[in-house]
Structure formats: C-alpha cells, structure tokens
1. Roughly speaking, what is the centre-to-centre gap between segment 1-36 and segment 44-59 when only Cα atoms are used, to the nearest Å?
2. Report the gain in length on full extension from Ala24 to Ile52: 0.36 nm times residue separation, minus Cα-Cα distance, nm rounded to one decimal.
3. Rounding to the nearest 10 and keeping the result within 0 to 90°, find how far the Cα-based axis of helix 19-42 lies from the longest principal axis of the chain.
4. Does anyone have the angle between helix 48-69 and the longest principal axis of the chain? Alpha-carbon axes, 0 to 90°, nearest 10?
5. Pairing the Cα long axis of helix 4-17 with the longest principal axis of the chain, what angle in degrees results, from 0 to 90 and rounded to the nearest 10?
6. If you take every residue apart from Gly26 with its C-beta less than 15 Å away from the C-beta of Gly26, what net charge results, scoring Lys and Arg +1 and Asp and Glu -1?
7. Please give, to one decimal in nm, the separation of the simple spin-label points placed at Ser68 and Glu2, each 7 Å out from Cα toward the Cβ.
8. Leu9 to Asn43: extension gain in nm, 0.36 nm per residue of separation minus the Cα-Cα distance?
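Laboratory data are not the source of any read-out in this text; all were calculated from the coordinates shown. Nothing here was measured: the structure is a model prediction, and the numbers come from that model. Cβ coordinates were reconstructed from backbone atoms using ideal geometry, including for glycine residues, and neighbour counts include every protein chain displayed.
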Amino acid sequence: MEVVAQVVLFTVVAGLKYPRATVAIGAVYVVARAVYALGYVRNPKLRFIGLIPSNICLVTMFAMSVVSVL
C-alpha cells in the first residue's frame, strides 16, 4: 500500500505511449504483490518471492514513464 500512488502515476503516464505493455506489466505487478502478501502472512522469509518481481515491474514502469515523457 505504500507505493500505490507511484504505481498509479507510472501506469497512467506509461500507458499513454505503451498501453499494452503497461497493462501486462501492471498485471504481473498485481500478481507479484499478491504472492508477496501471501508469503508475508505465511512465512515472512518467503515474501521476497513476490517482492523482487514487483520491484522489477515498478522500475520498468518508471522507466517507461520517463521515456514516454521525453
């Protein structure tokens, strides 16, 4: 929940130029966050299974947003 504002902003900005890629990356992000939440509840050591892909998606959407603006 702490990065919701950034995810929404990056999704909107990146989606203006790369709509299909943004939807795909956003879907992967949602699944990765769900895996993170399940791992966090069951065993906190397993949360990294979902954390790494979600962070990769976040950085990718940030990069796409920057490229969209340029």
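1. If you average the Cα positions of each part, the centres end up 14 Å apart.
2. On the way: separation 28, 0.36 × 28 = 10.08 nm, distance 1.67 nm.
Extra length from Ala24 to Ile52 when fully extended: 8.4 nm.
3. Tilt of helix 19-42: around 20 degrees.
4. 10
5. On a 0 to 90 degree scale, this one is about 40.
6. On the way: positive: Lys17, Arg20, Arg33; negative: none.
Residues near Gly26 contribute +3 overall.
7. 2.5
8. Working: separation 34, 0.36 × 34 = 12.24 nm, distance 3.10 nm.
Going from the current span to full extension adds 9.1 nm.
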